[in-house]
Structures are given as structure tokens and as C-alpha cells.
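One structure is given here, and the rest of the page talks about it.
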Amino acid sequence: MIKILVTGAAGRIGGPICQHLQASGFEVRAVDRAPNLSLPVRVEVVNLLDREACYRVIEGLDAVVHLANHSSYQSAQLPQTVFNENVAMNMNVFQAACDRGVKRILFSSSVQAFTVRHGPTPPELLPGPSFPYLPLDGKIPARSSNPYGLSKQVSEDMLRYFVSVYGVTAVAIRFPYVIDEETLRRIRERKGGHRFSAEEAFAYLYIEDAARLVEACLKADLKGYHPYFPAAQDVQVAADLPALLARHFNGTPWREGAPQNVLIDISDITRETGWRPSVNSLFPGA
């Protein structure tokens, strides 16, 4: 049985991931800065800014799923707090994991590591999406535009360092907006043309698909560093792709050999882990 630590286990994404991993046969140790009594595993209250506490909770484990960070630039925290504490938490967890002999680290990065949305610039002054290529994939260079995204960008570089120096296997999952069951239900009840932002290439991911991806990354035969950008392969985006390209991405080069009908290419993830999203439409029958 694979023994794993899940940080941020009481969060909106962490809770469902904990439940899924527990049900899938993993031995889960869960930590958060707040308890969650609804989970099938006990959530230990731990401050990841405490370096020694990180060593203690990682002892004897095979892998770490590190989800715990301040959640976004739009949180109530000061920019300095968001950046400084995220980077400190991540360094504490990564270093302790490597020192304790953990073989695999999964890190919850973000689409905000390479997009201009959610920054301090007023929306009307944003330049709009400006990607180096389409379709997007996990290898797109980071270009964060807010302290939260910058903390993720720096932490991805930290992971590359630990892979190079300690030989650990690491996956940075650049999550887009993750939709839980309640959010998906509300969207479908509106029966309207809900669509996310062009600055994030209209990306979203259903929570159960996020949990399945974490499981797949823990089980796959991976070595080295793997940056992933998972997203639903939205059928409505595919149907409207020529119009979307002309309106939002005019002049953006298309990667040679890339799929022609999607804005987010997940082929690397599928080839390396076998994962595919199950929810690819916001509306049934679309």
C-alpha cells in the first residue's frame, strides 16, 4: 500500500482528493491548518511554516500531494503574505520530503502561473490573452502576473531543483478553475452559454477528474519533472474554435503536430499517465 501525505486536505480541492485516494486504496495522512470532520481520514492540524512539523508529518511516507497554499491573489491576505508564505511552505515541504526519502512529490500549481488574469491591473487595461502558442500544454513558459501566480512559478523552479539534486520524481499540476459538483449543477440549471475567460483559454476541470489525475500521477511510471496542464476537452469550445481563434487569439501560432480541435492539449498527460477527463461539457447533450 502506498503511503501518502495530502496537505491542504480540508480545502475545496483537498477534501475530494483525500476521499478519492482513500477509496482507491492509498494509506492517506491528511494535514491542514483547519480540521475537517466530514472526511474519512483524520485531518491533523499542522502549520507548514513550521519546518520541524513538516519533517514530522512526512516521516515514513512514499509520496506527498502538496495542495496547501494561500488560495489566490484575490484572497484577503496581503500580497507579501501570499507570496512569502506560499514559497516558505513549499520549500519546507519539498526539502523535508527529499530529506525523508520521499520518492514522489505532486504539487498543486496553477493556471495563474502563466496567465495575465487575476492580476492587480484593472481588467479593462489587460492586454488580453497573449500566448506563445496554441494549443496550450504543461510546457508553456511561466509569466505570472500576480503574487499568487509568482509563488507558483517560483515553486515550480524549486521542484526542478529538487528533481535535479535529489533525484525525486515531481509533477506540477497547473490546475485551471476546478468545478465541484454544486458549481456544475448551478451552471447546468442556468441552461445558458457559460464560458470561462479567454485569458485562461476557457479552461476548467471537474473535481472528480482532478482527483483521478492525482491518483494516476501517483501510480504512473514517471521519472524526473513533469509539468501538466489538465483541462476538460470542452465540446462547445471545439465546436466554436474557428470563431474563438479569430476573436481572442488572432495571430497566435499553432504548434506543429498538435491536435487541431482543442485549446488545451493533454496528450502528454494521457500518454504518460493514461488519464483523460470524464466531464468535457458544461451542459448534458452538448
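The values are calculated or read from the model by the stated rules, or taken from the named source; none is laboratory data. Just so we're clear, the structure is a prediction, and the values are computed from it rather than from any experiment. Positions of Cβ are backbone-derived with ideal geometry, glycine not excepted, and every protein chain shown enters the neighbour counts. The accessibility values were calculated without ligands, DNA or RNA, using every heavy atom of the protein model including side chains. Shrake-Rupley method; radii C 1.70, N 1.55, O 1.52, S 1.80 Å.
The table for this structure:
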quantity	calculated
Pairs with Cβ under 8 Å, 6+ apart, first in segment 252-278 and over 18 Å from residue 235 (Cβ atoms) and open to solvent by 60 Å² or more (accessible area, probe 1.4 Å), second of a type in the set (A, V, I, L, M, F, W, C) and part of a loop (DSSP other than H, G, I, E, B)	none
Residues being touching a Pro at 6+ places or on another chain (Cβ under 6 Å), more than 17 Å from residue 115 (Cα to Cα) and in a helix (DSSP H, G or I) - total across segment 199-249	4
Any pair with Cβ under 8 angstrom, 6 or more apart, that starts in segment 185-205 at a residue that is closer than 21 Å to residue 266 by Cβ and modelled with pLDDT under 85 and ends at one that is of a type in the set (S, T, N, Q) and surrounded by 10 or more Cβ atoms within 10 Å (Cβ to Cβ)	195/236
Elements of type helices (runs of 4 or more DSSP H) in segment 1-119, at least 3 residues being buried (at least 18 other Cβ atoms within 10 Å of the Cβ) and under 21 Å from the mean Cα position of the chain (by Cα)	14-23, 79-99
Among (1) farther than 20 Å from residue 180 by Cα; (2) free of Cβ contacts under 8 Å to residues at least 24 places away in the same chain - the single one residue 54 does not satisfy	(2)
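Condition check ((1) crowded, with 18+ Cβ neighbours inside 10 Å; (2) of a type outside the set (Ser, Thr, Tyr)) across all residues:
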| position | (1), (2) |
| --- | --- |
| 181 | no, yes |
| 189 | no, yes |
| 198 | no, yes |
| 201 | yes, yes |
| 204 | yes, no |
| 211 | yes, yes |
| 215 | yes, yes |
| 218 | yes, yes |
| 230 | yes, yes |
